[in-house]
1. Could you please tell me which pairs satisfy a Cβ distance under 7 Å, a separation of 6+ or placement on different chains, a first residue in region 82-104 that is closer than 12 Å to Lys28 by Cα, and a second residue that is part of a loop (DSSP other than H, G, I, E, B) and open to solvent by less than 100 Å² (accessible area, probe 1.4 Å)?
2. Given the condition touching a residue at least 24 places away in the same chain (Cβ under 8 Å), within 24 Å of Cys95 (Cα to Cα) and assigned to a helix (DSSP H, G or I), answer yes or no: does some residue in region 49-58 qualify?
3. Could you please let me know if Pro77 is at pLDDT below 95, not aromatic (Phe, Trp, Tyr) and not in a helix (DSSP H, G or I)?
4. Take the residues in region 42-55 that are open to solvent by less than 40 Å² (accessible area, probe 1.4 Å) and within 17 Å of Ser3 (Cβ to Cβ), then tell me which one is farthest from the chain's Cα centre (by Cα).
5. Can you list residue pairs whose Cβ atoms sit under 9 Å apart, with the first residue in region 1-30 being open to solvent by 80 Å² or more (accessible area, probe 1.4 Å) and the second being acidic (Asp, Glu) and part of a loop (DSSP other than H, G, I, E, B)? Count only pairs 6 or more apart in sequence or on different chains.
6. Does Leu73 satisfy the criteria of being aliphatic (A, V, I, L, M) and either over 18 Å from Leu15 (Cβ atoms) or in contact with a Leu (Cβ under 8 Å, 6 or more places away or on another chain) (or both)?
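The values are calculated or read from the model by the stated rules, or taken from the named source; none is laboratory data. As the structure is a prediction and not an experimental result, all values here were calculated from the model. Positions of Cβ are generated from backbone atoms using ideal geometry, with glycine treated the same way; all protein chains shown enter the neighbour counts. Side chains are part of the model used for accessible areas, which takes the heavy atoms of the whole protein and leaves out ligands, DNA and RNA. Shrake-Rupley method; radii C 1.70, N 1.55, O 1.52, S 1.80 Å.
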Amino acid sequence: MTSIIVGIALVIGSLFALSAALGLLRFKDVYMRMHAASKAGTLGSGLLLLALALHAGEMDVATRAIAGVCFFLLTAPVSAHLLARAAYIVGYKPCDMTVRDALADAQDGKKQ
């Protein structure tokens, strides 16, 4: 039963990692690409690490794998947010598909 769960987690994690890679190639601007990499990449890596923890069956490997998952969950969203904010401040504007520019709205509110 464990090998079936590990196999399912590996396949799903690999699909999320693949969707992150495809998002990096196909999305139009840096913000969409960063979103794909941070969300799908984190989920894919987390599932792959959890599959490793289940497959190893040893407590020290499982502890390190769970620590890696926690590290990904804590650092990826924060780093993506900081990179997106820095890109916006430097001058990378969102693509024309963007409906609402919240940072521009916030800066306009500060000017008034």
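1. Pro94/Asp29; Pro94/Asp101; Cys95/Asp29
2. no
3. Working: at pLDDT below 95: yes; not aromatic (Phe, Trp, Tyr): yes; not in a helix (DSSP H, G or I): no.
Considered against the rule, which asks whether it is at pLDDT below 95, not aromatic (Phe, Trp, Tyr) and not in a helix (DSSP H, G or I), Pro77 comes out as no.
4. Ala53
5. Qualifying pairs under 9 Å: Lys28/Asp96.
6. Numbers: aliphatic (A, V, I, L, M): yes; either over 18 Å from Leu15 (Cβ atoms) or in contact with a Leu (Cβ under 8 Å, 6 or more places away or on another chain) (or both): yes.
Yes, satisfied.
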